[in-house]
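The values are calculated or read from the model by the stated rules, or taken from the named source; none is laboratory data. Because the structure is predicted, anything quoted here is derived from the model rather than measured. Here the Cβ positions follow ideal geometry from the backbone for every residue, glycine too, while neighbour counts run over all protein chains shown. Each accessible area value is taken on the protein alone, full model and side chains, heavy atoms only, with ligands, DNA and RNA left out. Shrake-Rupley method; radii C 1.70, N 1.55, O 1.52, S 1.80 Å.
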Amino acid sequence: MILLDGLDKHSDPQRSKLVAESSVPVARAHTPTPSLPDYEASQAQLKPTTLSYPQIQEKRTRRRRWRKCALYSLIRKAYTKANPYDAWSGNPPIPPKSITLGDAPLRLSSAKSCNAWSLEDKPDGPLLRSELQYNVPVNGSIFLNTNITYSGNGTYLNHFSGQLLVGVNNDPSADEAAVHVSMHHTTPALRNATNVCLMQTGQGGGVYLFTPLNLTQTDSLSFNITLLLPQNHTSTRHVPQLMCHLPNFKQTYQQLDPYVTFGSVVLGGAMSEVSIESIQASTAVVKASLAEIEGRFAVDSSLSLETVSAPINADIHLYNYGTSDSPTYLHLTTGNSVLNANVTMYVPPGVDPDFGPHFLAHAETFNAPLTLAMMHDEASVPATLRMRALNNLGNTRVSVDSRYEGTFDVATMFAQADVVTQHGTESQDYHSNDGDDDGSDDYGSGADAASDMMNFDDDDDDDDDAVDYGSDDYVMKGKVRMYLPSVLSTGGTSTYSAATTSASSGGNASGSTQRCLEYDLISSSEIRGWVGTPPRPSPTSGVAEWEQYDSMGHIDIVSSLSGAQLVLLT
């Protein structure tokens, strides 16, 4: 059989016939999109321009810049509206923490005198002992320095050890600082290779230890240095600067305050433990990595204590006399060890309370507890405090007294945030907790927490005994206001009561002079709010209110994988 081209033996002849006989055009779905114009029409629609290509580029760049500025303004406006603590972010940063050793010379050729030994190579047990003493004027900088450095493996420092004792000279006739050096060494050759020199610079003088770098395995050097400062029997002796940089030394400072005060103090060194009984200075820096810092400090400009893998235990007195526009700074940092500090703040009467923050504080550690107490001196007026406490893998607890006013933000990650009001041994805890109700006074997150705290009533039907925590305005705003308890005298005993004080003040949030606690946010891991005497400063109420808002205190507590507590003492 012969098959014609284009025909299939399996094709349906009837179907082929129907397709061939169909002369009706195929109807396609209508599309609303108009067809594009041709090339001539599109060229005719172009608007003529006289701008050159660089001018066009500049115009486009300017347009993009304006769009970025507008977007930034919108974001900042929205963030400021959502975050009432944005005023604190604009504060000047904490001053630099690095230790500067001034212009202390490092060259042996610059020495004024070296190795003026009054005792040489006297046997003292398995070692030899040599001694000398220098006198240093106190009208400039006093320094004790060395070329001993810390190596990564610590083998170089193993050849050295030392102790430094700084005190006040009991000799009333002394008018210069006395530096006594006792050196223990293994051989006379090692003594000859070591130089203990009196140095004189344009800013002052001191003692410098030049030790050999090529020590044998059996070489050993040990220094005992005593620095005695002269005193004025009629007034306090002022020394412009004291710098002691001695790695691997145990540094002990006796009670220098009030006999001697300093303009600037720089102490420490690698693996150098620093213990201070009492010292007063305008600026103090202590940096002692891998060694403990402990003592009592009094400063009126800035204090920085820094170490790592070692504790910080400090009793600190901060002063701000309002003579300058800058606050008094506090910087405490360690890691892998505890940080404990009791801070007392003093601002004298007459200082403008709206001039800005009086004190800026920063405390930080990790993998260990952080405990910080910020209190006012009894003679101080209320101070404006802004501080930040940071911790990881360790509990953080910050306490402030009843004269603190400002906002707070307690935030944690995978842990619980608490705000505790405390008087004496009695305390009330309001914390972020999503757990079941166990009968304790904890409140969850969201509107339910606000409703529970605002609508609390006593079982007694007497309205005079009801506790009013705020006005309806704050309920509508999603805020929670609670009046802090006060101490009432009842039959010779003190009663801790919020109900009576709230009732006596009429529960009027806008007109009450009683200190209150106001919550802005209560979530599972963060609590924000304000504590103070109403009305709360607002940036939108006027110029005077804006100045109060801008100078308001703030406490920021941030912790990860461990709890954080803010304790408000009443």
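Give me the one-decimal nm value for the distance between modelled label points at Asn395 and Leu290, 7 Å along each residue's Cα-to-Cβ direction.
3.1
Quick one: which residues, 5+ away or cross-chain, put their amide H under 5 Å from the amide H of Cys516? H built at 1.01 Å from N.
Leu484, Gly532, Thr533
Want the number for Thr155 to Gln200: 0.36 nm per residue separation, take away the alpha-carbon distance, what's left? Don't jump to the answer; show the numbers that get you there.
On the way: separation 45, 0.36 × 45 = 16.20 nm, distance 3.17 nm.
Using 0.36 nm per residue and subtracting the Cα-Cα distance, I get 13.0 nm.
Obtain the nm distance between the two label points defined at Trp117 and Asn214 by a simple spin-label model: each point lies 7 Å from its Cα along the Cα-to-C-beta direction.
Distance between the two pseudo-spin positions: 2.1 nm.
Karplus couplings for the range 256-272 from phi (6.51 cos²θ - 1.76 cosθ + 1.60, θ = phi - 60°), rounded to Hz, Gly and Pro as x?
Once rounded to whole Hz, the list reads 8, 8, x, 6, 10, 10, 10, x, 9, 10, 10, 10, x, x, 4, 6, 10.
Would you please give the residues with an amide H less than 5 Å from that of Thr384, counting only those at least 5 places away or on a separate chain, with H modeled from the backbone geometry?
His358, Phe359
Rank these residues by their accessible area, most exposed first, probe 1.4 Å: Arg388, Arg67.
Listed by decreasing accessible area, they come as Arg67, Arg388.
Out of the total accessible area of the range 147-233 (probe 1.4 Å, heavy atoms of protein only), what percent is carbon and sulfur? Present the calculation step by step, with values, prior to reporting the outcome.
Numbers: 1760 of 3680 Å².
C and S fraction of accessible area: 48 percent.
Could you give the nm distance between label points at Thr323 and Asp38, where each point is 7 Å from its Cα heading toward the beta carbon?
A separation of 9.0 nm, rounded to one decimal place.
Convex hull over the Cα atoms of the range 134-191, averaged projected area in nm²? Write out the running numbers ahead of the final one.
Numbers: hull surface 23.8 nm².
Its Cα hull, projected and averaged over all orientations, spans 5.9 nm².
If I model the range 257-386 as equal point scatterers sitting on the Cα atoms and use the Debye formula, what is log10 I(q)/I(0) at q = 0.14, 0.21 Å⁻¹?
-0.59, -1.20
Tell me, what is the per residue accessible area of the range 238-331 in Å², probe radius 1.4 Å? Intermediate values should be presented prior to the final figure.
Details: 3010 Å² over 94 residues.
Dividing the accessible area of the range 238-331 by its residue count gives 32 Å².
So how much accessible area does Thr194 have, in Å² to the nearest 10, using a 1.4 Å probe?
Its heavy atoms expose roughly 0 Å² to the probe.
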